[in-house]
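Written out below as structure tokens is the structure these notes cover.
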Amino acid sequence: VSLHKPEIKLESLKEDIKDFLKTSGWEKKLQNAVYSELNVFPSPCHPAAPPEHIKEPLAYMRKAQGSWEKRILKSLNSMCTELNIPLAQKRPVNEQKELLNKWNEMGTDEPDLSLFRPVYAPKDFLEVLMNLRNPNYENGEQPSFRNHLGLIQVPLKVKDIPELKEDFSELGLNIGQLGVDDSAQVPPEFFENEHVRVGQKVLAEQDSAAAQQYVRQGCPTALRADLWALILNISNQPEDILYYEQLKSNVIQHNLLVDSLIYKDVKLTASNDDYYFVFEDYLYQVLLCFSRDTSVLEHFAYSSATPPKSYIQGKLGMEEYAVFYPPNVNYNSFILSVAPLCFLYHEPSKLYQIFREMYVRFFFRLHSISSHPSGIVSLCLLFETLLQTHLPQLFYHLREIGAQPLRISFKWMVRAFSGYLATDQLLLLWDRILGYNSLEILAVLAAAVFAFRAVNLMEVTSLAAAEAVLADLSTLKVMPLLQIFLFATVT
């Protein structure tokens, strides 16, 4: 419309468009959209590289991920056969009305889920990762890697403490942090007031890149919801709300087998959690909608995983009758990656969008096999390498008594510490995940927890005793642990 105005001249069109974008606020929106894409998509490959290399460059990782997916689908299909329940079916009209009426109080429902079992447990996934091998190193020709005595036996490049110090330089001991009470350099209340003032300015500017840099020192509680939304480029426009309503109507109309798995997972995890049980209804709403959201399929362009396929009844193996089922559900306790967000967002459509963006940027990497630095395989290897290098006595002691440290820390990392840390501490940790656009901090924190409890762990004589020492992380302060481990460790 603006281009039809008489004052717009062809010879100055380029400058006029630039001015228009600036004054209308579209310049910032476009910058944020581009920045968001750069954060999500991988760097360009060599032009001659085959498309599967964008998903995962190592063939043995792709093969392992494929086998794992087959195993999950087999488990799902055998459950269908045993229970004689279809993967998906249309709900009868009376059932649709009933679900619509109780949409905001689904937690009161007590369906009989005793016959449904989780598709896999974290320890099953860990076993798969422990059996990964690079066929090129089968004979153990690489002496340096033979020295790795942990459970993960693949030669991936992970960072050492000097590299981590450089990457996480804003966590340095002489830099103000939210979540550290007694910084010697700056009185905490002075730092906090100034940090809040800068945060308000960042929000006023509506610049995603500035917000991402800002949260590396932590988010003030009152600004966190808006800053995270800005970093993730979520604005909750009318079309986003409409999209959420469409997903909701899909839930009302069709019943999926995974619905029962989601119900069971919420009942087993969040319903029994002191912090999260109050959000039970939100969790059902978000996860049931998520299981039907085909837009999430886009993340498979840069994920080593492939979406599961199913075939319309009687058309098994005929590609034209293949459907993605469900588009994206990871069947195990990713419930706990939604629950902390409920503290920040109370509007279901916005909560939903934030979770979806967190999942396609970060959390999917914790549930798929890949060589990505933020993938679960690299995180496990980084954790074991840090412990073996900096706490060798502890590492060897635990290994000798059959308490390999990764057996304890794996469940923390695969759930991004949700359900283990106190909520305020968890949100401070997730600030840094967003700030650094990386999950590596999960492995660093896991190693820091072992370092913090090292004296007690040196006295244990069994895996059960080691687990008991580390059973309760709810009193830990995340930031001092990370700072001490990274910046006070002698390297």
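The values are calculated or read from the model by the stated rules, or taken from the named source; none is laboratory data. Note that this is a predicted model, so its numbers are computed, not measured. We place every Cβ from the backbone using ideal geometry, glycine too, and count neighbours over all the protein chains shown. What goes into the accessible areas is simple: the full protein's heavy atoms, side chains included, and nothing from ligands, DNA or RNA. Shrake-Rupley method; radii C 1.70, N 1.55, O 1.52, S 1.80 Å.
Have a look at Ser374, Ser378, Ser418 and point out the one that is part of a helix (DSSP H, G or I), of a type in the set (Ser, Thr, Tyr) and in contact (Cβ under 8 Å) with a residue 60 or more places away in the chain. Reasoning before the result, please.
Details: Ser374 fails: part of a helix (DSSP H, G or I); Ser418 fails: part of a helix (DSSP H, G or I).
Exactly one of Ser374, Ser378, Ser418 is part of a helix (DSSP H, G or I), of a type in the set (Ser, Thr, Tyr) and in contact (Cβ under 8 Å) with a residue 60 or more places away in the chain, namely Ser378.
From the list Tyr214, Tyr244, pick out the single residue that is assigned to a helix (DSSP H, G or I) and assigned by the TED database to the domain that holds Tyr420. Full working, then the answer.
Working: Tyr214 fails: assigned by the TED database to the domain that holds Tyr420.
So the residue among Tyr214, Tyr244 that is assigned to a helix (DSSP H, G or I) and assigned by the TED database to the domain that holds Tyr420 is Tyr244.
Of all the residues that make up region 465-489, how many are assigned to a helix (DSSP H, G or I) and within 22 Å of the chain's Cα centre (by Cα)?
Matching residues across region 465-489 total 4.
Which pairs do you get when a residue that is over 11 Å from Leu391 (Cα atoms), found in region 447-473, comes within reach of a residue that is open to solvent by less than 20 Å² (accessible area, probe 1.4 Å) and in a loop (DSSP other than H, G, I, E, B), reach meaning Cβ atoms under 6 angstrom, with the pair 6+ apart or on two chains?
Leu463/Ala403; Ala466/Ala403; Ala466/Val460; Leu473/Leu421
Quick one: what pairs do we get from region 344-368, first residue assigned to a loop (DSSP other than H, G, I, E, B), second among the β-branched types (Val, Ile, Thr) and open to solvent by 20 Å² or more (accessible area, probe 1.4 Å), C-beta under 9 Å, 6+ apart or different chains?
Between residues of region 344-368 that are assigned to a loop (DSSP other than H, G, I, E, B) and residues that are among the β-branched types (Val, Ile, Thr) and open to solvent by 20 Å² or more (accessible area, probe 1.4 Å), the close pairs are Glu347/Ile241.
Taking the condition modelled with pLDDT of 95 or more and either over 30 Å from Gly199 (Cβ atoms) or not charged (D, E, K, R) (or both), does Phe410 pass? It would help to see each step written out before you state the result.
On the way: modelled with pLDDT of 95 or more: yes; either over 30 Å from Gly199 (Cβ atoms) or not charged (D, E, K, R) (or both): yes.
Answer is yes for this residue.
How many residues are polar (S, T, N, Q) and open to solvent by 50 Å² or more (accessible area, probe 1.4 Å) when one looks only at region 232-283?
Filtering region 232-283 for residues polar (S, T, N, Q) gives 233, 235-237, 246, 249-250, 253, 255, 260, 269, 271-272.
After this cut, where a residue has to be open to solvent by 50 Å² or more (accessible area, probe 1.4 Å) as well, the list is 233, 235, 237, 246, 250, 253, 272.
The qualifying residues number 7.
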